[in-house]
Amino acid sequence: MLAIIDGTVMDAAGAQISVLDEGLLRGDGVFEVIRVYGGRPFALDEHLERMARSAASLRLAFDAETLRADAAALLRDAGAPDAALRLVVTRGGRRIGLLEALKVFPETIALQTITYAPTRILDGVKSLSYGANMLATRLAIEAGADEALLVTPHGRVLEGPTTSFFYVLDGALRTPPLSDRILDSISRRVLLAVTDARERVTTVDDLRAIDEAFLASSLREVQPVRSIDGRPIDAAPGAVAVAAAQRVHEHIRAALS
């Protein structure tokens, strides 16, 4: 695995930053994870634009073009991998890039609803403060599921800890709205563009009536859901999820061609 710190490419095992960096001590920083196909990052511009917005919200110094150059240098030295490119900027002023092996995800996934109250001041910010998200996943695993589905104390369905949530209800593809303070996911944008999915305020009561569901992210692309809170979803993978995955693949191929 390769890393780049402040423009210098190195083996990730030897990469170091100061223990005094507040990115480590306080989770004060921003990050993005970009899917790389054959050495070519998908939607790098969009990820850097969102990263810049997150940094501005945190009052964090950010130079998109320098980070773009870091990504190019790291990918150039790595060859042409299929990988995950993680970009990080810390409060300590460090620029970090990591090329990570792609995780192998199961064909379908079981979800457990976990109550979660987003921090309003971090609306729209993809910060390093992901402790609550990671805890939600651990709680879901303890309950016998694979991943969490975040819901508000008032019963609004939001998203996964690192994914967007889509579902089929009454024959229509839907996803929770950005107005419910979920992340403006790059993959979510793609799916809204290439399918007929539309935003809909979603409640936990809706989950008992859905016909299909899937998670979406840069690394998972489209991952069908087989159960929520132990209730099986018979169509997993269903026809809508399969079609959505195909359209996402076609969109990515076209964008990288």
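The lone criterion from (1) of a type in the set (A, V, I, L, M); (2) part of a loop (DSSP other than H, G, I, E, B); (3) more than 17 Å from Val104 (Cβ to Cβ) left unmet by Leu219 is number (3). Looking across region 182-194 at every residue that is surrounded by fewer than 17 Cβ atoms within 10 Å (Cβ to Cβ) and touching a residue at least 60 places away in the same chain (Cβ under 8 Å), the one that is nearest to Ala213 (Cα to Cα) is identified as Arg189. The single condition from (1) farther than 23 Å from Gly27 by Cβ; (2) over 14 Å from the mean Cα position of the chain (by Cα) that Leu102 fails is (2).
Screening Val36, Val9 for residues that are more than 19 Å from the chain's Cα centre (by Cα), surrounded by 15 or more Cβ atoms within 10 Å (Cβ to Cβ) and outside any loop (DSSP other than H, G, I, E, B) leaves exactly one candidate, Val9. The set of residues in region 131-157 being over 18 Å from Ser179 (Cβ atoms) and of a type in the set (Lys, Arg) consists of Arg138 alone. When each of Ser257, Ser179 is tested for being surrounded by fewer than 20 Cβ atoms within 10 Å (Cβ to Cβ), among the polar types (S, T, N, Q), within 20 Å of Leu85 (Cα to Cα) and out of contact with any His (no Cβ under 7 Å at 6 or more places or on another chain), the lone residue that passes is Ser257.
Tell me whether region 70-79 contains one or more residues that are surrounded by fewer than 15 Cβ atoms within 10 Å (Cβ to Cβ), part of a loop (DSSP other than H, G, I, E, B) and either of a type in the set (Ser, Thr, Tyr) or touching a residue at least 24 places away in the same chain (Cβ under 8 Å) (or both). Checking region 70-79: at least one residue is surrounded by fewer than 15 Cβ atoms within 10 Å (Cβ to Cβ), part of a loop (DSSP other than H, G, I, E, B) and either of a type in the set (Ser, Thr, Tyr) or touching a residue at least 24 places away in the same chain (Cβ under 8 Å) (or both).
Residues checked against (1) under 20 Å from the mean Cα position of the chain (by Cα); (2) not aliphatic (A, V, I, L, M):
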residue: Val194; (1), (2): yes, no
residue: Ala197; (1), (2): yes, no
residue: Val201; (1), (2): no, no
residue: Leu207; (1), (2): no, no
residue: Glu212; (1), (2): no, yes
residue: Ala216; (1), (2): yes, no
residue: Ile233; (1), (2): no, no
residue: Ala244; (1), (2): yes, no
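Looking at region 92-105, can you tell me whether even one residue there is at positive phi and either of a type outside the set (Gly, Ala, Ser) or free of Cβ contacts under 8 Å to residues at least 24 places away in the same chain (or both)? Scanning region 92-105 turns up no residue that is at positive phi and either of a type outside the set (Gly, Ala, Ser) or free of Cβ contacts under 8 Å to residues at least 24 places away in the same chain (or both). Confirm whether Thr90 is of a type in the set (S, T, N, Q), closer than 24 Å to Arg26 by Cα and in contact with a strand residue (DSSP E or B) (Cβ under 8 Å, 6 or more places away or on another chain). Against the criterion (of a type in the set (S, T, N, Q), closer than 24 Å to Arg26 by Cα and in contact with a strand residue (DSSP E or B) (Cβ under 8 Å, 6 or more places away or on another chain)), Thr90 qualifies. From the list Gly230, Gly171, Gly155, the lone residue that is touching a residue at least 60 places away in the same chain (Cβ under 8 Å) and surrounded by fewer than 19 Cβ atoms within 10 Å (Cβ to Cβ) is Gly230.
Which is hydrophobic (A, V, I, L, M, F, W, C), under 30 Å from Gly7 (Cβ atoms) and buried (at least 22 other Cβ atoms within 10 Å of the Cβ), of Leu85, Leu111, Leu149?
Leu85
Among the candidates Ile96, Ile114, which residue alone is touching a helix residue (DSSP H, G or I) at 6+ places or on another chain (Cβ under 6 Å) and part of a strand (DSSP E or B)?
One residue alone meets the criteria, Ile114.
Where a number appears in this text, it was derived from the coordinates with a stated rule and is not lab data. As the structure is a prediction and not an experimental result, all values here were calculated from the model. No Cβ is skipped: glycine too gets one built from the backbone with ideal geometry, and neighbour counts run over all protein chains shown.
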